[in-house]
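The values are calculated or read from the model by the stated rules, or taken from the named source; none is laboratory data. Not measured: the values here are computed from a predicted model. Every residue, glycine as well, gets a Cβ built from its backbone with ideal geometry; the counts of neighbours run over all protein chains shown. The accessibility values were calculated without ligands, DNA or RNA, using every heavy atom of the protein model including side chains. Shrake-Rupley method; radii C 1.70, N 1.55, O 1.52, S 1.80 Å.
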Amino acid sequence: ISTCSSANAMGTDPTSWSWEDHGSFTFNINNDNGQGYRLISNPTTRYIKVYFGKEHKGNGSYAMLSEIDDYGVEIE
């Protein structure tokens, strides 16, 4: 999971933005309940990027994500 603040999102091409990498997280494929992960650094962010690479591929051909809930303090 990577995050990007408004200040680091310059231009319209997200591939050129300054993303902060927060590491990899493993999901239990046998658990249909919600699974939570906390970003320890508590980043100030506007955008979240989730990457499913070949190293995370299971037995099938697809990756699926149903929801991302984001909790934190809104800063104005």
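A few points about this structure:
- Extreme residue, surrounded by the fewest Cβ atoms within 10 Å (Cβ to Cβ), among residues of region 1-14 that are of a type in the set (Gly, Ala, Ser) and part of a loop (DSSP other than H, G, I, E, B): Gly11
- Identity of the residue in region 15-71, touching a Cys at 6+ places or on another chain (Cβ under 6 Å) and part of a loop (DSSP other than H, G, I, E, B), that ends up most open to solvent (accessible area, probe 1.4 Å): Trp19
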